[in-house]
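Step one of this worksheet: look at the structure below.
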(Lines give C-alpha, C1' and ligand atoms only; values in the text may rest on other atoms or scores of the structure.)
Protein backbone atom coordinates (compact mmCIF):
# COMPACT_ATOMS: atom_id res chain seq x y z
CA UNK A 1 0.00 0.00 0.00
CA UNK A 2 1.59 3.29 -1.10
CA UNK A 3 0.95 6.50 0.80
CA UNK A 4 2.04 9.97 -0.37
CA UNK A 5 4.92 11.60 1.50
CA UNK A 6 2.76 14.25 3.12
CA UNK A 7 0.73 11.54 4.84
CA UNK A 8 3.47 10.19 7.07
CA UNK A 9 1.37 10.12 10.29
CA UNK A 10 -1.20 7.90 8.61
CA UNK A 11 1.56 5.69 7.27
CA UNK A 12 2.99 5.38 10.76
CA UNK A 13 -0.42 4.34 12.14
CA UNK A 14 -0.90 1.79 9.38
CA UNK A 15 2.57 0.29 9.84
CA UNK A 16 1.92 -0.14 13.57
CA UNK A 17 -1.33 -1.97 12.86
CA UNK A 18 0.25 -4.26 10.27
CA UNK A 19 3.20 -4.99 12.55
CA UNK A 20 0.85 -5.97 15.37
CA UNK A 21 -1.67 -7.79 13.17
CA UNK A 22 0.07 -9.04 9.99
CA UNK A 23 -3.16 -10.42 8.54
CA UNK A 24 -5.03 -7.14 9.00
CA UNK A 25 -4.06 -5.93 5.54
CA UNK A 26 -6.61 -8.22 3.97
CA UNK A 27 -10.15 -7.00 3.56
CA UNK A 28 -11.78 -10.05 5.11
CA UNK A 29 -15.04 -10.57 6.94
CA UNK A 30 -15.33 -13.52 9.29
CA UNK A 31 -18.09 -14.87 11.45
CA UNK A 32 -18.07 -18.28 13.14
CA UNK A 33 -21.26 -20.01 14.23
CA UNK A 34 -21.83 -22.93 16.55
CA UNK A 35 -24.87 -25.03 17.07
CA UNK A 36 -26.32 -24.11 20.49
CA UNK A 37 -25.78 -27.67 21.74
CA UNK A 38 -22.19 -27.89 20.56
CA UNK A 39 -19.47 -28.16 23.20
CA UNK A 40 -16.70 -27.20 20.82
CA UNK A 41 -15.03 -23.83 21.21
CA UNK A 42 -15.42 -21.33 18.39
CA UNK A 43 -12.75 -21.32 15.74
CA UNK A 44 -9.90 -18.91 16.57
CA UNK A 45 -10.13 -15.50 14.98
CA UNK A 46 -7.12 -13.89 13.34
CA UNK A 47 -6.45 -10.53 15.07
CA UNK A 48 -7.17 -7.50 12.96
CA UNK A 49 -9.78 -9.01 10.68
CA UNK A 50 -13.05 -7.13 10.48
CA UNK A 51 -15.79 -9.09 12.21
CA UNK A 52 -19.24 -7.74 12.81
CA UNK A 53 -22.76 -8.83 13.53
CA UNK A 54 -25.41 -9.18 10.89
CA UNK A 55 -26.86 -5.69 10.23
CA UNK A 56 -30.57 -5.04 10.52
CA UNK A 57 -31.27 -5.14 6.81
CA UNK A 58 -28.92 -7.95 5.79
CA UNK A 59 -29.49 -11.66 5.30
CA UNK A 60 -30.49 -13.25 8.64
CA UNK A 61 -28.41 -15.95 10.27
CA UNK A 62 -29.32 -19.58 9.86
CA UNK A 63 -31.96 -20.63 12.36
CA UNK A 64 -30.61 -22.61 15.30
CA UNK A 65 -27.09 -21.16 15.26
CA UNK A 66 -25.35 -18.87 17.72
CA UNK A 67 -22.92 -16.27 16.40
CA UNK A 68 -19.64 -15.73 18.22
CA UNK A 69 -18.85 -12.17 17.24
CA UNK A 70 -15.71 -10.16 17.80
CA UNK A 71 -16.25 -6.40 17.86
CA UNK A 72 -15.51 -4.74 14.53
CA UNK A 73 -12.24 -3.20 13.44
CA UNK A 74 -11.09 -1.68 10.15
CA UNK A 75 -8.23 -2.51 7.79
CA UNK A 76 -5.05 -0.41 7.66
CA UNK A 77 -6.12 0.99 4.30
CA UNK A 78 -9.45 2.09 5.77
CA UNK A 79 -7.72 3.77 8.72
CA UNK A 80 -5.39 5.59 6.34
CA UNK A 81 -8.36 6.88 4.35
CA UNK A 82 -10.15 7.88 7.57
CA UNK A 83 -7.20 9.87 8.92
CA UNK A 84 -6.91 11.70 5.62
CA UNK A 85 -10.67 12.33 5.66
CA UNK A 86 -10.58 14.04 9.06
CA UNK A 87 -7.49 16.08 8.15
CA UNK A 88 -5.12 14.50 10.63
CA UNK A 89 -2.35 16.97 11.53
CA UNK A 90 1.00 15.85 10.14
CA UNK A 91 2.77 17.59 13.03
CA UNK A 92 0.77 15.94 15.82
CA UNK A 93 3.20 13.79 17.79
CA UNK A 94 1.28 12.28 20.76
CA UNK A 95 1.65 8.48 20.81
CA UNK A 96 -1.27 6.33 19.71
CA UNK A 97 -3.28 5.09 22.67
CA UNK A 98 -2.72 8.16 24.84
CA UNK A 99 -5.36 10.56 26.13
CA UNK A 100 -3.88 13.39 24.06
CA UNK A 101 -4.22 11.29 20.91
CA UNK A 102 -7.82 10.43 21.77
CA UNK A 103 -8.67 14.08 22.44
CA UNK A 104 -7.30 15.17 19.06
CA UNK A 105 -9.01 12.29 17.25
CA UNK A 106 -12.40 13.05 18.84
CA UNK A 107 -12.09 16.75 17.99
CA UNK A 108 -11.38 16.04 14.34
CA UNK A 109 -14.11 13.41 14.15
CA UNK A 110 -16.69 15.90 15.43
CA UNK A 111 -15.50 18.57 12.97
CA UNK A 112 -15.62 16.26 9.95
CA UNK A 113 -18.34 13.62 10.51
CA UNK A 114 -21.69 15.34 11.18
CA UNK A 115 -24.46 14.29 13.52
CA UNK A 116 -27.38 13.91 11.11
CA UNK A 117 -30.41 11.83 10.21
CA UNK A 118 -30.62 12.49 6.47
CA UNK A 119 -30.88 8.83 5.45
CA UNK A 120 -34.15 8.44 7.37
CA UNK A 121 -35.70 10.98 5.00
CA UNK A 122 -33.59 11.04 1.83
CA UNK A 123 -33.60 7.32 1.12
CA UNK A 124 -35.64 4.76 -0.82
CA UNK A 125 -35.83 2.52 2.29
CA UNK A 126 -35.68 5.00 5.22
CA UNK A 127 -33.67 2.41 7.16
CA UNK A 128 -30.19 2.67 8.68
CA UNK A 129 -27.50 0.02 8.72
CA UNK A 130 -25.08 -0.30 11.65
CA UNK A 131 -22.72 -2.50 9.67
CA UNK A 132 -19.25 -0.92 10.12
CA UNK A 133 -18.38 -1.21 6.43
CA UNK A 134 -21.64 0.45 5.41
CA UNK A 135 -20.85 3.22 7.90
CA UNK A 136 -17.32 3.61 6.55
CA UNK A 137 -18.59 3.98 3.00
CA UNK A 138 -21.22 6.46 4.14
CA UNK A 139 -18.94 8.63 6.28
CA UNK A 140 -15.60 8.45 4.55
CA UNK A 141 -16.76 7.63 1.04
CA UNK A 142 -19.68 10.06 0.88
CA UNK A 143 -18.87 12.79 3.46
CA UNK A 144 -22.01 11.97 5.44
CA UNK A 145 -22.51 11.18 9.13
CA UNK A 146 -25.27 9.64 11.17
CA UNK A 147 -27.07 9.63 14.47
CA UNK A 148 -25.71 8.29 17.76
CA UNK A 149 -25.62 4.57 17.01
CA UNK A 150 -24.08 5.13 13.58
CA UNK A 151 -21.40 7.62 14.64
CA UNK A 152 -20.43 5.84 17.84
CA UNK A 153 -20.38 2.40 16.19
CA UNK A 154 -18.07 3.81 13.52
CA UNK A 155 -15.81 5.72 15.92
CA UNK A 156 -15.64 2.75 18.29
CA UNK A 157 -14.35 0.58 15.44
CA UNK A 158 -11.75 3.23 14.59
CA UNK A 159 -10.55 3.33 18.20
CA UNK A 160 -10.32 -0.48 18.44
CA UNK A 161 -8.27 -0.61 15.27
CA UNK A 162 -5.87 1.94 16.74
CA UNK A 163 -5.43 -0.20 19.84
CA UNK A 164 -7.69 1.56 22.34
CA UNK A 165 -9.61 -0.46 24.92
CA UNK A 166 -13.27 0.27 24.07
CA UNK A 167 -16.67 -1.01 25.07
CA UNK A 168 -20.04 0.17 23.76
CA UNK A 169 -22.69 1.11 26.31
CA UNK A 170 -26.33 2.15 26.21
CA UNK A 171 -27.99 5.34 27.38
CA UNK A 172 -31.40 6.81 28.19
CA UNK A 173 -32.06 10.33 26.88
CA UNK A 174 -33.64 12.69 29.39
CA UNK A 175 -37.07 14.25 29.00
CA UNK A 176 -35.33 17.63 29.17
CA UNK A 177 -33.38 16.79 26.02
CA UNK A 178 -36.35 15.16 24.28
CA UNK A 179 -38.63 18.12 25.03
CA UNK A 180 -40.98 16.14 27.25
CA UNK A 181 -42.33 17.34 30.60
CA UNK A 182 -41.01 16.08 33.91
CA UNK A 183 -37.63 14.82 35.12
CA UNK A 184 -37.88 11.37 33.54
CA UNK A 185 -35.92 9.49 30.89
CA UNK A 186 -36.76 7.76 27.64
CA UNK A 187 -36.07 4.07 27.02
CA UNK A 188 -32.74 2.74 25.79
CA UNK A 189 -32.09 4.74 22.63
CA UNK A 190 -28.60 6.22 22.93
CA UNK A 191 -25.15 4.73 22.41
CA UNK A 192 -21.82 5.82 23.89
CA UNK A 193 -18.26 4.49 23.95
CA UNK A 194 -16.31 3.93 27.16
CA UNK A 195 -12.55 4.01 26.64
CA UNK A 196 -10.02 2.90 29.25
CA UNK A 197 -6.55 4.53 29.28
CA UNK A 198 -4.02 3.79 32.01
CA UNK A 199 -6.74 2.39 34.25
CA UNK A 200 -9.06 5.42 33.92
CA UNK A 201 -12.38 5.10 32.10
CA UNK A 202 -13.61 7.91 29.83
CA UNK A 203 -16.96 8.69 28.24
CA UNK A 204 -16.42 9.25 24.51
CA UNK A 205 -19.56 10.31 22.65
CA UNK A 206 -19.50 11.57 19.04
CA UNK A 207 -23.25 11.25 18.43
CA UNK A 208 -25.22 13.80 20.43
CA UNK A 209 -25.06 17.00 18.40
CA UNK A 210 -24.32 20.48 19.73
CA UNK A 211 -24.83 19.40 23.37
CA UNK A 212 -22.41 16.48 23.27
CA UNK A 213 -19.15 16.35 25.22
CA UNK A 214 -16.46 17.64 22.87
CA UNK A 215 -13.65 15.88 24.71
CA UNK A 216 -13.28 12.58 26.60
CA UNK A 217 -14.82 12.85 30.09
CA UNK A 218 -13.21 10.90 32.91
CA UNK A 219 -15.70 8.78 34.83
CA UNK A 220 -15.21 10.75 38.05
CA UNK A 221 -18.45 11.70 39.80
CA UNK A 222 -18.91 15.45 40.17
CA UNK A 223 -15.88 16.43 38.08
CA UNK A 224 -16.49 19.36 35.70
CA UNK A 225 -14.82 19.75 32.30
CA UNK A 226 -14.73 22.92 30.20
CA UNK A 227 -16.04 22.71 26.66
CA UNK A 228 -16.25 25.40 23.98
CA UNK A 229 -16.31 28.92 25.43
CA UNK A 230 -18.59 29.12 28.46
CA UNK A 231 -19.93 25.57 28.11
CA UNK A 232 -19.13 22.98 30.78
CA UNK A 233 -19.78 19.24 31.15
CA UNK A 234 -20.23 17.08 34.23
CA UNK A 235 -20.73 13.43 35.12
CA UNK A 236 -22.53 12.29 38.25
CA UNK A 237 -22.74 8.70 39.49
CA UNK A 238 -26.18 8.52 41.07
CA UNK A 239 -29.58 6.88 41.20
CA UNK A 240 -32.49 8.21 39.15
CA UNK A 241 -35.82 9.39 40.48
CA UNK A 242 -37.47 6.48 38.64
CA UNK A 243 -35.35 3.85 40.39
CA UNK A 244 -37.40 1.84 42.88
CA UNK A 245 -34.17 0.35 44.21
CA UNK A 246 -32.19 3.41 45.32
CA UNK A 247 -28.99 1.38 45.50
CA UNK A 248 -29.01 1.38 41.67
CA UNK A 249 -26.42 3.71 40.13
CA UNK A 250 -25.89 5.09 36.65
CA UNK A 251 -23.79 7.86 35.18
CA UNK A 252 -25.68 11.05 34.34
CA UNK A 253 -24.10 13.36 31.75
CA UNK A 254 -25.13 17.01 32.08
CA UNK A 255 -24.10 20.32 30.52
CA UNK A 256 -24.60 24.04 31.02
CA UNK A 257 -23.69 27.36 29.40
CA UNK A 258 -22.89 30.28 31.71
CA UNK A 259 -22.58 32.90 28.94
CA UNK A 260 -25.74 34.77 29.98
CA UNK A 261 -26.08 33.52 33.54
CA UNK A 262 -23.06 32.54 35.67
CA UNK A 263 -25.41 30.50 37.85
CA UNK A 264 -27.15 28.71 34.98
CA UNK A 265 -28.53 25.33 36.08
CA UNK A 266 -27.18 22.04 34.80
CA UNK A 267 -29.27 20.22 32.19
CA UNK A 268 -29.25 16.44 32.52
CA UNK A 269 -28.83 15.17 28.96
CA UNK A 270 -28.74 11.40 29.32
CA UNK A 271 -27.94 8.56 31.70
CA UNK A 272 -25.74 5.59 30.83
CA UNK A 273 -24.39 2.48 32.50
CA UNK A 274 -21.05 0.71 32.28
CA UNK A 275 -22.71 -2.52 31.18
CA UNK A 276 -21.39 -3.54 27.78
CA UNK A 277 -23.96 -3.60 24.99
CA UNK A 278 -23.61 -5.93 22.01
CA UNK A 279 -24.37 -5.32 18.31
CA UNK A 280 -27.61 -7.28 18.75
CA UNK A 281 -28.74 -4.79 21.42
CA UNK A 282 -28.25 -1.92 19.02
CA UNK A 283 -30.17 -3.72 16.28
CA UNK A 284 -33.23 -3.58 18.54
CA UNK A 285 -32.57 0.02 19.62
CA UNK A 286 -31.89 1.12 16.05
CA UNK A 287 -35.12 -0.43 14.78
CA UNK A 288 -37.31 1.53 17.21
CA UNK A 289 -35.37 4.79 16.91
CA UNK A 290 -35.53 4.87 13.12
CA UNK A 291 -39.15 3.72 12.73
CA UNK A 292 -41.33 4.96 15.60
CA UNK A 293 -43.53 7.89 14.60
CA UNK A 294 -42.77 9.56 17.93
CA UNK A 295 -39.01 9.43 17.30
CA UNK A 296 -37.39 12.85 17.02
CA UNK A 297 -35.27 11.53 14.17
CA UNK A 298 -38.33 10.47 12.19
CA UNK A 299 -39.99 13.84 12.72
CA UNK A 300 -37.05 16.15 11.92
CA UNK A 301 -34.29 16.67 9.37
CA UNK A 302 -31.03 18.07 10.75
CA UNK A 303 -27.28 18.12 10.23
CA UNK A 304 -24.76 19.34 12.83
CA UNK A 305 -20.98 19.44 13.04
CA UNK A 306 -18.39 21.18 15.16
CA UNK A 307 -16.27 23.98 13.69
CA UNK A 308 -12.55 24.64 14.21
CA UNK A 309 -10.64 27.89 14.27
CA UNK A 310 -8.70 28.15 11.02
CA UNK A 311 -5.60 29.55 12.76
CA UNK A 312 -5.41 27.56 15.99
CA UNK A 313 -7.28 24.41 14.99
CA UNK A 314 -9.24 24.53 18.25
CA UNK A 315 -13.01 24.01 18.48
CA UNK A 316 -14.88 27.30 18.33
CA UNK A 317 -18.55 26.49 17.65
CA UNK A 318 -21.13 24.57 15.68
CA UNK A 319 -22.60 24.58 12.17
CA UNK A 320 -26.26 23.50 12.16
CA UNK A 321 -28.90 22.82 9.50
CA UNK A 322 -32.43 22.79 10.91
CA UNK A 323 -35.95 22.51 9.54
CA UNK A 324 -39.09 24.53 10.24
CA UNK A 325 -37.70 27.08 9.78
CA UNK A 326 -35.23 25.81 7.26
CA UNK A 327 -31.95 27.46 8.18
CA UNK A 328 -28.22 27.00 8.32
CA UNK A 329 -26.88 28.59 11.49
CA UNK A 330 -23.43 29.03 12.97
CA UNK A 331 -22.99 29.18 16.73
CA UNK A 332 -19.69 30.70 17.86
CA UNK A 333 -18.28 32.41 20.92
CA UNK A 334 -19.87 35.60 19.56
CA UNK A 335 -23.39 34.17 19.43
CA UNK A 336 -25.73 32.65 16.83
CA UNK A 337 -25.68 33.73 13.18
CA UNK A 338 -28.13 32.67 10.45
CA UNK A 339 -26.11 31.97 7.32
CA UNK A 340 -28.89 30.89 4.99
CA UNK A 341 -32.64 30.29 4.94
CA UNK A 342 -34.61 27.97 2.65
CA UNK A 343 -38.21 26.85 2.21
CA UNK A 344 -37.94 24.21 -0.51
CA UNK A 345 -36.28 20.86 -1.00
CA UNK A 346 -34.10 22.38 -3.70
CA UNK A 347 -32.88 24.95 -1.19
CA UNK A 348 -32.17 22.41 1.55
CA UNK A 349 -30.35 20.03 -0.81
CA UNK A 350 -28.21 22.91 -2.08
CA UNK A 351 -27.44 23.98 1.49
CA UNK A 352 -26.27 20.47 2.40
CA UNK A 353 -23.85 20.56 -0.51
CA UNK A 354 -22.64 24.11 0.17
CA UNK A 355 -22.13 23.96 3.93
CA UNK A 356 -21.57 20.25 4.66
CA UNK A 357 -20.21 18.91 1.34
CA UNK A 358 -22.99 16.30 1.27
CA UNK A 359 -24.33 15.45 -2.18
CA UNK A 360 -27.43 13.30 -2.42
CA UNK A 361 -28.23 10.97 -5.30
CA UNK A 362 -31.40 11.36 -7.35
CA UNK A 363 -32.88 8.27 -5.69
CA UNK A 364 -32.17 9.73 -2.25
CA UNK A 365 -33.68 13.08 -3.17
CA UNK A 366 -36.85 11.32 -4.30
CA UNK A 367 -37.08 9.42 -1.03
CA UNK A 368 -38.49 12.37 0.93
CA UNK A 369 -41.45 12.94 -1.38
CA UNK A 370 -44.78 12.86 0.43
CA UNK A 371 -43.16 12.54 3.85
CA UNK A 372 -44.17 14.99 6.56
CA UNK A 373 -40.59 16.30 6.59
CA UNK A 374 -40.62 17.32 2.92
CA UNK A 375 -40.30 21.08 2.41
CA UNK A 376 -42.99 22.35 0.06
CA UNK A 377 -42.43 26.09 0.26
CA UNK A 378 -44.49 26.55 3.43
CA UNK A 379 -44.28 25.38 7.03
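The values are calculated or read from the model by the stated rules, or taken from the named source; none is laboratory data. All values derive from a computational prediction rather than experimental measurement. We place every Cβ from the backbone using ideal geometry, glycine too, and count neighbours over all the protein chains shown.
In table form, for the structure just shown:
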item	result
Segment 354-369 residues that are under 13 Å from residue 125 (Cβ atoms), paired with ones that are in a helix (DSSP H, G or I) (beta carbon under 7 Å, 6 or more apart)	368/345
Qualifying position, being modelled with pLDDT of 95 or more and either under 21 Å from residue 71 (Cβ atoms) or in contact with a helix residue (DSSP H, G or I) (Cβ under 8 Å, 6 or more places away or on another chain) (or both), among 231, 252, 220, 166	166
Test set (1) closer than 16 Å to residue 113 by Cα; (2) crowded, with 20+ Cβ neighbours inside 10 Å; (3) free of Cβ contacts under 8 Å to residues at least 60 places away in the same chain - residue 208 fails condition number	(3)
Helices (runs of 4 or more DSSP H) (entirely within segment 122-188) containing at least 3 residues that are closer than 22 Å to residue 213 by Cβ	148-161, 175-178
Residues being part of a strand (DSSP E or B), touching a residue at least 12 places away in the same chain (Cβ under 8 Å) and over 18 Å from residue 169 (Cα atoms) - total across segment 211-233	4
Top-ranked residue of segment 257-266 - restricted to ones that are in contact (Cβ under 8 Å) with a residue 12 or more places away in the chain and out of contact with any strand residue (DSSP E or B) (no Cβ under 6 Å at 6 or more places or on another chain), ranked as farthest from residue 180 (Cα to Cα)	259
Single residue of 310, 280 found to be exposed (fewer than 14 other Cβ atoms within 10 Å of the Cβ) and farther than 30 Å from residue 123 by Cα	310
Selection status of residue 304, at pLDDT 95 or above and under 22 Å from residue 364 (Cα atoms)	yes
Scan of segment 315-350 for residues that are in contact (Cβ under 8 Å) with a residue 24 or more places away in the chain, farther than 22 Å from residue 375 by Cβ and loosely packed, with under 15 Cβ neighbours inside 10 Å, ordered by number	333
Top-ranked residue in segment 118-136 [being out of contact with any helix residue (DSSP H, G or I) (no Cβ under 7 Å at 6 or more places or on another chain) and farther than 23 Å from residue 158 by Cβ; ranked as surrounded by the most Cβ atoms within 10 Å (Cβ to Cβ)]	121
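Table: residues versus (1) buried (at least 21 other Cβ atoms within 10 Å of the Cβ); (2) modelled with pLDDT under 95; (3) in contact with a helix residue (DSSP H, G or I) (Cβ under 8 Å, 6 or more places away or on another chain); (4) over 26 Å from residue 120 (Cβ atoms).
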{"residue": "144", "(1), (2), (3), (4)": "yes, no, yes, no"}
{"residue": "149", "(1), (2), (3), (4)": "yes, no, yes, no"}
{"residue": "176", "(1), (2), (3), (4)": "no, yes, no, no"}
{"residue": "185", "(1), (2), (3), (4)": "yes, no, yes, no"}
{"residue": "191", "(1), (2), (3), (4)": "yes, no, yes, no"}
{"residue": "194", "(1), (2), (3), (4)": "yes, no, no, yes"}
